[in-house]
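Right, one structure below, let's go through it.
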Amino acid sequence: MDTPGAQTPLTAEDEAELLHAIDAWARRSLRPEVVREFDHADRYPAHIVEEMKELGLFGATISPEYGGLGLPASTYAKIVMRISSVWMSITGIINSHLMLALAIEKFGTPEQKKKWLPSLASGEIRGGLALTEPDAGTDLQGIRTTARREGDHYVINGTKTWITNAVEGSCFGLLVKTDPDAQPRHKGMSLFIAPKNPNFISTRKLPKLGYKAIDTGELIADDYRLPAENLIGGVEGQGFYQTTGGLELGRINVAARGAGIAEGALQLATKYAQIRHTFGKPIAEHQAIALKLGEMVTRARAARLLTLDAAASFDRGERCDMEAGMAKYFSSEAALENSVEAMRIHGAYGYSQEYDIERLYRDAPLTCIGEGTNEMQRIIISKQWIKRNPES
Ligand SMILES: Cc1cc2nc3c(=O)[nH]c(=O)nc-3n(C[C@H](O)[C@H](O)[C@H](O)COP(=O)(O)OP(=O)(O)OC[C@H]3O[C@@H](n4cnc5c(N)ncnc54)[C@H](O)[C@@H]3O)c2cc1C
């Protein structure tokens, strides 16, 4: 798998200034009562999306020549961690959008980059990646959506599901089979830039355990005609490679979300353990709670460091599938464990919808599924580890 060219890190001052602006915005706009309201109503936070546009977040990792901020993965990961420690859902609005932009910037023709990247960077067009189908998630080569060439167009038919931003977004990286009989199967796969139209629509928003407010839905292509110029890179058969080419950054994104949740849960538990008293002292002073906090702070720190390690490797232009996999695997499990432990520390109040920990507890499991399940991550890590350590 290729990695994009090395990214120049920001100066410490520039990065600190940017993160300060994100923190100030989060304090102002992601107040607990606002987040709780939108999360519980599962309502799209349109005003927050507008503010994210103003902050330039829709172009965070897009090159400045196309109107983006051109941030290195390490800075972007810090932004995602900060936001996710408060409200992970809204990072999904930009993460999958930026994965579409990455596919175009890394593999698109010069004309495609010029045409699509500026409006993606400004957030005028928002979208994501439409890969998964009802019968194919992990085994992406099993997708059934087809694109048949007719003159200078393709006619696309098929159903995508579990697509982030499917309802509110307007343009997607659509993975199809241009040659359903190809062997190996991935040689028949292609990726298109696919704006919605009456023949490519979202049919429904899926009800979910967590990751609320942001829409995850189905997309249906029904004799959907797309100009051939929308085929990313202009050559058929590259879609699987183009999709997996973005996975390292995708996994760093999810790792950052997990590290953010792990940190957020730790912060909530730390505060609560000092104000809640039982048997004449703060519960933080009971050894059972102290042990939990000790484990939680270690997990949160390790998740952060693994994520930043993978991001730094990505920014140096190195192959980092193992590092990104380790970060994604560890951070998402840390998110799950810290949110459960924080909930236990809150006692009954951890189970209350008037406290924030129940949201982190519902949001955490997604990080174990997205961008490759944690079962697959461990297999990928192990394969790469053996490859780097051959016995001969
Ligand atoms: C909220 C949410 C948002 C999402 N957003 C997007 C999106 O924007 N775009 C998109 O394309 N997809 C998206 N997805 C889909 C996600 O990428 C898939 O759910 C994921 O890839 C797993 O696929 P699956 O659900 O079909 O599980 P399956 O592939 O059916 O796997 C089921 C179980 O079997 C295990 N398994 C499968 N194969 C193996 C194997 N070879 N070895 C060991 N274990 C295996 C898996 O780890 C899992 O535990 C989203 C999913 C969710 C829940």
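A compact table of results
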{"quantity": "Summed residue charge, Cβ within 10 Å of GLY127's Cβ, Lys/Arg positive, Asp/Glu negative", "calculated": "+1"}
{"quantity": "Relative intensity, log₁₀ I(q)/I(0), of region 296-392 from a Debye sum that treats every alpha carbon as a point, q = 0.11, 0.19, 0.20 Å⁻¹", "calculated": "-0.40, -0.91, -0.97"}
{"quantity": "Extension gain, GLU111 back to ALA228 (0.36 nm per residue minus Cα-Cα distance, nm)", "calculated": "40.8 nm"}
{"quantity": "At least 27 Å along the helix axis (C-alpha) and Kyte average at least 1.0, DSSP helices within the chain", "calculated": "89-107"}
{"quantity": "Förster radius 22 Å - calculated FRET efficiency between ARG301 and ARG378, Cβ distance, rounded to 0.05", "calculated": "0.55"}
{"quantity": "Value of relative contact order over the chain, rounded to a whole percent, pairs C-alpha under 8 Å and six or more apart", "calculated": "18"}
{"quantity": "Cα-only radius of gyration and Dmax that characterise region 229-367, units Å", "calculated": "19.1, 71"}
{"quantity": "In nm, spacing of pseudo-spin labels at ASP152 and ARG319 (7 Å Cα→C-beta vector)", "calculated": "4.1"}
{"quantity": "Taking all pairs of distinct alpha-carbon atoms in the chain, Kirkwood radius in angstrom", "calculated": "21.5"}
{"quantity": "ALA21-ASP135 FRET efficiency (beta carbon distance; Förster radius 45 Å; 0.05 resolution)", "calculated": "0.55"}
{"quantity": "FRET efficiency, 1/(1 + (r/R0)^6) with R0 22 Å, evaluated for ILE201 and ARG43 via beta carbons", "calculated": "0.55"}
{"quantity": "Helix-only [θ]222 nm of the chain, DSSP H runs n ≥ 4, -39500 (n - 2.57) each, per residue, nearest 500", "calculated": "-17000 deg cm²/dmol"}
{"quantity": "Gap separating the Cα centres of region 335-392 and region 309-328, nearest whole Å", "calculated": "18"}
{"quantity": "Local electrostatic count, TYR349, Cβ distance below 15 Å [Lys/Arg +1, Asp/Glu -1]", "calculated": "+1"}
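Just so you know, all these numbers are worked out from the coordinates, no wet-lab data involved. Computed from a predicted structure; not experimentally measured. Reconstructed Cβ throughout: ideal geometry from the backbone, glycine too, with neighbour counts over all protein chains shown.
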